[in-house]
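Step one of this worksheet: look at the structure below.
The values are calculated or read from the model by the stated rules, or taken from the named source; none is laboratory data. All values derive from a computational prediction rather than experimental measurement. For neighbour counting, all protein chains shown are included, and Cβ atoms are generated from backbone atoms with ideal geometry for every residue, glycine included.
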């Protein structure tokens, strides 16, 4: 595509000379702009991919794919309903849950929490919870044990064996009025599921204990959590579950419960991509500026080469190659920096926190206790190709001007 003469001249034009210092400075800024734009775009897209995946994994890992419940009252006769749902194709598990609000107090300190009652046999269906266990064991999860999150434990100074008091919002009637229902629990487990909301505001107790604590009738729960075989194919499973419950309960999936959140993340990702693409476009304008100035500075050389037999096509190729080299090199270096940074972003965050002495991306604001990043190579490919195409397009006008230069007029005016 490019002959040796064209490659030689283009490489000479890329080298800096004192007389061409300003042109070289603009070319260097163009290179830096393309490099930083590509690197930033890859890093941000990777972090947003990781944030989305981690958040959804933890939300789904703790809440299930599909939920069935009866609004405003317990789901009665859940055992029969559970058996009917478990035989549905692509349903991997059904977990009964009793959930309610409570006030947790210890040594004068108090915190509002969400209690989730779950059977010990169903804990294996919650790998996020089991894998996030920091201390204690779920091997004997029974009686008046309570599993608390790391943030809540730190806030109230709790440790394994600490006694806490849980008070239910609905009390029991007595001749003297309504008496709040409360019970003492022993902290048996402390977990870290990587989400501030759950670490600070959720506690888990055995299912039967929760039934007694909230005064639920026998064979009743708050809802059933259903896990499907494939998260991307929930619609047919949801339809079969709705058919199985036949109006006895409401059915919704995790997308219904988090629809606004999912939409917000998708919009944010697309807008961020468009905004960061502007960095590459600005760098492309720098390439146009530097190439126009280079054409003007080298107009005498162009005229001499034309009179010695070089064609206008060769001039076009020389300046396209010169400008494209800046874009391609900047894109390559930027992609390498972006992938490397994204791959080590959590280590970099920890290092910056140690150096600056401050907490970056606090988990109470960003939901996750670690900064995740997932490098999707299709995103890297799209960003790389886009940057190279923009860089090449930026060279066309200056190269066209160089090819149309009249050597006679140039030498006469020179």
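Some points to look at:
- When each of 100, 64, 112, 143 is tested for being touching a helix residue (DSSP H, G or I) at 6+ places or on another chain (Cβ under 9 Å), under 15 Å from residue 223 (Cβ atoms) and at pLDDT 85 or above, the lone residue that passes is 100.
- Helices (runs of 4 or more DSSP H) fully within the stretch 196-277 counting 2 or more residues that are within 18 Å of residue 64 (Cα to Cα): 196-201, 234-245, 254-257
- Scanning the stretch 107-130 for residues that are within 15 Å of residue 164 (Cβ to Cβ) and crowded, with 16+ Cβ neighbours inside 10 Å yields 111, 113, 115.
- Count of the stretch 149-161 residues which are in contact with a helix residue (DSSP H, G or I) (Cβ under 8 Å, 6 or more places away or on another chain) and surrounded by 17 or more Cβ atoms within 10 Å (Cβ to Cβ): 5
- Check on residue 229, surrounded by fewer than 19 Cβ atoms within 10 Å (Cβ to Cβ), under 30 Å from residue 96 (Cα atoms) and within 33 Å of the chain's Cα centre (by Cα): yes
- Yes/no for residue 303 being farther than 27 Å from residue 31 by Cα, surrounded by 15 or more Cβ atoms within 10 Å (Cβ to Cβ) and in contact (Cβ under 8 Å) with a residue 60 or more places away in the chain: yes
- Every pair of residues 6+ apart whose Cβ atoms lie under 8 Å, when the first sits in the stretch 346-362 and is more than 17 Å from residue 46 (Cβ to Cβ) while the second is modelled with pLDDT under 80 and surrounded by fewer than 12 Cβ atoms within 10 Å (Cβ to Cβ): 353/359
- If you go through the stretch 204-222 and keep only what is within 21 Å of residue 85 (Cα to Cα) and touching a strand residue (DSSP E or B) at 6+ places or on another chain (Cβ under 7 Å), you end up with 207, 219, 220, 221, 222.
- Any chance residue 225 is more than 30 Å from residue 404 (Cα to Cα) and either assigned by TED's automatic domain parsing to the domain that holds residue 39 or touching a strand residue (DSSP E or B) at 6+ places or on another chain (Cβ under 8 Å) (or both): yes
- Boolean, residue 133 is surrounded by fewer than 19 Cβ atoms within 10 Å (Cβ to Cβ) and free of Cβ contacts under 8 Å to residues at least 60 places away in the same chain: yes
- Comparison of 355, 408, 389 shows that the only residue that is at pLDDT 80 or above and either in the same structural domain as residue 285 (by TED's automatic domain parsing) or crowded, with 16+ Cβ neighbours inside 10 Å (or both) is 389.
- The listed residue being under 26 Å from residue 191 (Cβ atoms), without any contact (Cβ under 8 Å) to a residue 60 or more places away in the chain and within 27 Å of the chain's Cα centre (by Cα), out of 123, 62: 123
- Filter result for residue 71 (surrounded by fewer than 21 Cβ atoms within 10 Å (Cβ to Cβ), within 21 Å of residue 246 (Cβ to Cβ) and touching a strand residue (DSSP E or B) at 6+ places or on another chain (Cβ under 8 Å)): yes
- Answer from 248, 255 - the residue that is over 23 Å from residue 38 (Cβ atoms) and at pLDDT 80 or above: 248
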